[in-house]
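Asker: Structure in structure tokens, see below.
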Amino acid sequence: MGDRMLTDLKVETLLERVGSKEPVPGGGSCSALAGALAASLVQMVAYLSGEEHGDVIDQAQVLVDRLSHLAERDTEAFQAVMVAYKLPKQGEEGKRFRRAAIQSGLKMATEVPLQVMNVATDVLVLAKKMAVHGNANAISDAGVAGLLAAAACRGAAYNVLINLPGLTDPEFVSEARGRVEEILVEADRLEQEIRQNVTQVLIGALDRR
């Protein structure tokens, strides 16, 4: 990646990077970016829905910034794990240092997607607000925001779960697993409510023709 941020790349270049043989940026960063796109769509719908939704615009911008940052952090976390696994294994001290570095890297690689899940759920809350109270002419955009935010949350969940088997701290593993399950229940509920509302409005408009 060099010194360039993911969000500094042209879309074409970003797609090339994701589709390359390099492991980063991977699914974790893509999940965070999907969440950032969802928050941006929420922001657009809010702009189209009148001045009374200025609070949503501001809140959505905060979420865009946080998820953009987490996309970078996910790549950094993965790289930290890879560096740790490449450390030398000579001597007991070297082995202990390597094990500690691996555990530290895996915890970071678990905590970052957990944060993505939390923020993506916040995006879903705003997407629901826009799906219910936003400009009806932009309700499909609110629906897409809901789908992308839900995908961001579930994608981040995968990235939490894939790291847990390598961790040796049972309390951390148990807490992370429980948090994943808790967030997914809330995210699924919000996404379903958004989808039902959007579908009802769109089908209703079609039936009234």
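Asker: If the chain between ASP58 and TYR158 were fully stretched, how many nm would it gain, using 0.36 nm times the residue separation less the Cα-Cα distance?
Answerer: Values: separation 100, 0.36 × 100 = 36.00 nm, distance 2.94 nm.
Stretched out fully, the ASP58 to TYR158 stretch lengthens by 33.1 nm.
Asker: Between THR168 and ARG195, with labels modelled 7 Å along Cα→Cβ, what's the label distance in nm to one decimal, could you check?
Answerer: It works out to 4.2 nm between the two label points.
Asker: Could you compute the net charge surrounding ASN118? Neighbours are other residues with a C-beta less than 11 Å from the C-beta of ASN118; K and R count +1, D and E count -1.
Answerer: Numbers: positive: ARG66, ARG179; negative: GLU111, ASP122, GLU182, GLU186.
Neighbour charge sum, excluding ASN118 itself: -2.
Asker: Would you check the chain for Lys pairs whose C-alpha atoms are within less than 29 Å, ignoring same-chain pairs closer than 8 in sequence, and give me the count?
Answerer: On the way: LYS10/LYS21; LYS21/LYS86; LYS21/LYS89; LYS21/LYS107; LYS86/LYS95; LYS86/LYS107; LYS89/LYS107; LYS95/LYS107.
The number of close lysine pairs in the chain is 8.
Asker: Ok, one more. What number comes out for accessible area per residue over the chain if the probe is 1.4 Å? Units Å², please.
Answerer: On the way: 11640 Å² over 209 residues.
Value returned for the chain: 56 Å² of accessible area per residue.
Asker: Compute the distance in nm between two label points, each set 7 Å from the Cα along the Cα-to-Cβ direction, one at THR7 and one at GLU186.
Answerer: My value for the distance between the label points is 2.3 nm.
Asker: Write down the Kirkwood hydrodynamic radius of the range 127-195, to one decimal in angstroms, obtained as one divided by the mean of 1/r over all alpha carbon pairs. Show your work: numbers first, answer last.
Answerer: Details: mean 1/r = 0.0750 Å⁻¹.
For the range 127-195, inverting the mean 1/r across all distinct Cα pairs yields 13.3 Å.
Asker: Angle between the Cα long axis of helix 54-85 and the longest principal axis of the chain, 0 to 90 degrees, nearest 10?
Answerer: For helix 54-85, the angle is close to 20 degrees.
Asker: Using the Karplus curve 6.51 cos²θ - 1.76 cosθ + 1.60 with θ = phi - 60°, work out ³J(HN,Hα) for each residue of the range 131-144 in order, rounded to whole Hz, and write x for Gly and Pro.
Answerer: Values per residue, Gly and Pro as x: 5, 8, 10, x, 4, 4, 6, 10, 5, 5, 5, 5, x, 5 Hz.
Asker: Would you work out what percent of the accessible area of the range 77-209, with all protein chains in place, is carbon or sulfur (probe 1.4 Å)? Walk me through the numbers on the way to the answer.
Answerer: Working: 4120 of 7440 Å².
About 55 percent, which is the carbon plus sulfur part of the accessible surface.
Asker: Same structure again: Per-residue HN-Hα couplings for the range 191-203, Karplus 6.51 cos²θ - 1.76 cosθ + 1.60 at θ = phi - 60°, whole Hz, x for Gly and Pro?
Answerer: 5, 5, 5, 4, 4, 5, 5, 5, 4, 4, 5, 5, 5
The values are calculated or read from the model by the stated rules, or taken from the named source; none is laboratory data. Every value quoted in this text rests on a predicted model; they were computed, and no experiment measured them. Quick reminder, even Gly has a Cβ in these numbers, built from the backbone with ideal geometry, and neighbours come from all protein chains shown. Surface areas here come from the heavy atoms of the whole protein model, side chains and all, with no ligands, DNA or RNA. Shrake-Rupley method; radii C 1.70, N 1.55, O 1.52, S 1.80 Å.
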